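One structure below.
The values are calculated or read from the model by the stated rules, or taken from the named source; none is laboratory data. Predicted model, so just to flag it, every value in this text is computed and none were measured. So basically every Cβ, Gly included, is an ideal-geometry build from the backbone, and we count neighbours across all protein chains shown.
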Ligand SMILES: [Zn+2]
């Protein structure tokens, strides 16, 4: 059976799911929910690949999170071993300045992963988190991507995960050919309604980023990929389309960015 709903960014590979991963995946199967399990390090990327190989509606994204660059570097040889039919994306990679981190060490690992994605013709999963009250990490990421775009063209593509930028930033990602995804945050704040309205339906993706930021009515608990259904419901409301229309549209978008169905 293939999926009806898709959570395009979650972390069943993290320790939060250690004790009941099997049960969570079974519940997802019952609800027709698939997910892209996103690596944050070599170890969690390996676990993402293992889960994807074992479960039909699970796929893997492999890479090094910007907050992990003080612990390890991106070793493309090791990540090459993780490539395969169900490895459909590279990341999550990008820039995270939330706690005052410096650009340079993160940028080095980010560029390695952009090169790796281009060499293997895979999309990027972008993690971008600016300092509070600024859009600095977005501005720097766009500067890097715009530079690559000149030579890579359409080969450079991907998903701007957990979008928290403004209209202008969204437009720049759209111009670069990227998809934009929103989490359960849209179920408890109206802050992103305007930007969500501006993103065309054919460039939107749904995600939970579980175990983080559970949507209403699960606030305060560990998030799970099947809660993406709540993100779909709210996104359909904001976009003024039926749930069925959004379900079909997301399926089409997944086919075009990730070649999955
Ligand atoms: Zn994540």
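Quick check on the stretch 191-215: of everything there that is in a loop (DSSP other than H, G, I, E, B) and more than 16 Å from the ligand (Cβ to nearest atom), which residue is surrounded by the most Cβ atoms within 10 Å (Cβ to Cβ)? Can you show your working first?
First, pick out the residues of the stretch 191-215 that are in a loop (DSSP other than H, G, I, E, B): 191-192, 199-200, 207-215.
Cutting the leftovers down to more than 16 Å from the ligand (Cβ to nearest atom) gives us 191-192, 199-200.
Working: 191: 11, 192: 19, 199: 23, 200: 10.
Ranking the qualifying residues of the stretch 191-215, first place goes to 199.
Does the stretch 74-94 contain at least one residue that is in contact with a strand residue (DSSP E or B) (Cβ under 8 Å, 6 or more places away or on another chain), closer than 20 Å to residue 168 by Cα and either modelled with pLDDT of 95 or more or away from the ligand (no atom under 16 Å from the Cβ) (or both)?
yes
Determine, yes or no, whether residue 91 is under 17 Å from residue 67 (Cα atoms) and either surrounded by 15 or more Cβ atoms within 10 Å (Cβ to Cβ) or in contact (Cβ under 8 Å) with a residue 60 or more places away in the chain (or both).
On the way: under 17 Å from residue 67 (Cα atoms): yes; either surrounded by 15 or more Cβ atoms within 10 Å (Cβ to Cβ) or in contact (Cβ under 8 Å) with a residue 60 or more places away in the chain (or both): yes.
So residue 91 fits the description; yes.
I'm trying to understand the selection: among the residues of the stretch 23-33, which are free of Cβ contacts under 8 Å to residues at least 60 places away in the same chain and either touching a strand residue (DSSP E or B) at 6+ places or on another chain (Cβ under 8 Å) or in a strand (DSSP E or B) (or both)?
If we filter the stretch 23-33 for residues that are free of Cβ contacts under 8 Å to residues at least 60 places away in the same chain, which is where we start, we get 23, 25-26, 29-30, 32.
Listed by number, the residues that qualify are 25, 32.
Please specify each residue of the stretch 121-143 satisfying the condition of being more than 16 Å from the ligand (Cβ to nearest atom) and touching a residue at least 40 places away in the same chain (Cβ under 8 Å).
140
Of the numbered conditions (1) part of a loop (DSSP other than H, G, I, E, B); (2) on the phi > 0 side of the Ramachandran plot; (3) away from the ligand (no atom under 16 Å from the Cβ), residue 162 satisfies every one except a single condition; which is it?
(3)
Output the residue which, of all residues in the stretch 1-20 that are without any contact (Cβ under 8 Å) to a residue 12 or more places away in the chain and over 19 Å from the mean Cα position of the chain (by Cα), is nearest to the ligand (Cβ to nearest atom).
The selected residue is 18.
Looking at (1) within 13 Å of the ligand (Cβ to nearest atom); (2) at pLDDT below 95, can you tell me which one residue 36 breaks?
Of the numbered conditions (1) within 13 Å of the ligand (Cβ to nearest atom); (2) at pLDDT below 95, the odd one out for residue 36 is (2).
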